[in-house]
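Here the structure comes first, spelled out in structure tokens, and everything after it is commentary.
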Amino acid sequence: AFGDVRDDPIAPLLGGGNQGGFRYEGSPRDLQISHCVLYSSLSDIDWPDELDLQTGRFTYYGDNKTPGNDLHGTKRSGNVILRDMFSYLHLGSRERIPPVFIFSKGASGREVIFRGLAVPGALGLGQRDDLVAVWKSTSGKRFQNYKSVFTILDEPIIPRGWLNRVRGDGDPTVDAPPAGLQWRKSGIYK
């Protein structure tokens, strides 16, 4: 244990760096990423990400959390990723949406809790409700950020072989978790 970011457990497992809320491999341009990790401390009072353990709904705020940037002009392009995921969702192009893995802060240090495999949207939410640009004022400056809703699928085990295939530009449908595959084909949230 180094006692710093080198202790991060997500990077060795899924790559994408060892800091920040959005971690991915590939280019966010036109969603050319193999997968996306959404990490939350679940304790930011200004941007209150929320996990409902009963419904599997995960409310996640984008990465434009301070004034000075355009909604889509952030360093990690997290809001570009959100915009494109939800755009593909509502165009019926779910096959273009990469797997999303949800992690939250653990009890101490760099510990994390894997919350599950998630997909954009939720049962009963339409395109006006699942991704919304919200306004906030800080230090007298107004700016926008996204509020998004994901569904964590009922998949208690994610096969390591599938993770390796996804990270290696393999076919994401081979050995895919069944609930993820069902959503990809039919749009059914399980």
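Would you mind working out the accessible area per residue for the chain, using a 1.4 Å probe, and quoting it in Å²? Don't skip to the end; give the middle numbers.
Values: 9850 Å² over 190 residues.
The answer is 52 Å² per residue.
Dimensions of region 128-175 based on its C-alpha atoms, expressed as ranges along the principal axes with the largest first, amount to 50, 23, 18 Å.
Per 0.36 nm of contour for each residue apart, how much would the distance between residue 75 and residue 107 grow if the chain were fully extended, relative to their Cα-Cα spacing?
Between residue 75 and residue 107, full extension yields an extra 8.7 nm.
Taking max minus min of the alpha-carbon positions on each principal axis, the chain gives extents of 51, 45, 34 Å, largest first. If we count every other residue with Cβ under 12 angstrom of residue 47's Cβ, Lys/Arg +1 and Asp/Glu -1, where does the sum land? Around residue 47, the charge tally is -2.
Electrostatic bookkeeping for residue 122 treats Lys and Arg as +1 and Asp and Glu as -1; over the other residues with beta carbon under 9 Å from its beta carbon, the sum is -1.
Given the DSSP H assignment, sum -39500 (n - 2.57) over each helix run of at least 4 residues in the chain and divide by its residue total; what's the result at 222 nm in deg cm²/dmol, nearest 500?
Values: 4 runs with 36 residues, N = 190.
Result for the chain, helices only: -5500 deg cm²/dmol.
Distance between the pseudo-spin-label points of residue 134 and residue 5 (7 Å out from Cα toward the beta carbon): 2.7 nm. The listed peptides 134-147, 110-123, 83-96, ordered by packing as a protection proxy, come out as 110-123, 83-96, 134-147 (highest mean of other Cβ atoms within 10 Å first).
Rounded to the nearest percent, how much of the accessible area of the chain (1.4 Å probe, protein heavy atoms only) is carbon and sulfur?
Details: 4840 of 9850 Å².
Answer for the chain: carbon and sulfur cover 49 percent of the accessible area.
Treating r as the C-beta distance of residue 185 and residue 30 and R0 as 25 Å, the FRET efficiency rounds to 0.65. Remark on region 39-112: Rg and Dmax equal 14.1, 41 Å (Cα only). Applying a threshold of 28 Å to the alpha-carbon distances of 105/136; 105/190; 75/190 flags 75/190 as lying beyond it.
Ordered from longest to shortest, the equivalent ellipsoid semi-axes for region 83-190 are 27, 20, 13 Å, each the square root of 5 times a Cα gyration tensor eigenvalue.
The values are calculated or read from the model by the stated rules, or taken from the named source; none is laboratory data. Predicted, not measured: the structure shown is a model, and the values here were computed from it. Cβ atoms come from the backbone with ideal geometry, glycine included; neighbour counts cover every protein chain shown. Side chains included, ligands, DNA and RNA excluded: accessible areas come from the protein's heavy atoms. Shrake-Rupley method; radii C 1.70, N 1.55, O 1.52, S 1.80 Å.
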